[in-house]
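What follows is a short report on a single structure.
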Amino acid sequence: MNLVSDGPTNDRDRLLIVMLASGYTTTRIAREMRLSRYTVAERISKLLERFSCSNRSQLVAYSYVHELLHVGIWPPCASDAGELDARSKAILP
């Protein structure tokens, strides 16, 4: 799988991936990010398409392989290259 990207992943996308890696449902992600669940579902679909992934698990695995998420840290967090802002970090448990 190649990195199919239109540029760097933004903070909200990285936060969404972190929440997916943590096992959050679409509804919980929507509540935490203060978005509609339809907006979250659409964003997940866009990320799946962008990175040529067929499901959420593959997206999370892709994120680890391409260092969007730190390997060996639980709960998941964004890598230094994709540092989340303080507000985004505050959303995470």
- Item | Index of the failed condition, MET1 passing every other in (1) farther than 16 Å from CYS77 by Cα; (2) modelled with pLDDT of 95 or more | (2)
- Item | Matching residues, the stretch 21-78, being over 16 Å from ASN10 (Cα atoms), of a type in the set (D, E, K, R) and buried (at least 16 other Cβ atoms within 10 Å of the Cβ) | GLU32, ARG56
- Query: Would you pick out the residues in the stretch 18-36 that are more than 19 Å from SER57 (Cα to Cα) and not in a loop (DSSP other than H, G, I, E, B)?
  - Reply: ARG31, GLU32, MET33
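The values are calculated or read from the model by the stated rules, or taken from the named source; none is laboratory data. Note that the coordinates shown come from a computational prediction; the quantities given were computed from them, not determined experimentally. Every residue, glycine as well, gets a Cβ built from its backbone with ideal geometry; the counts of neighbours run over all protein chains shown.
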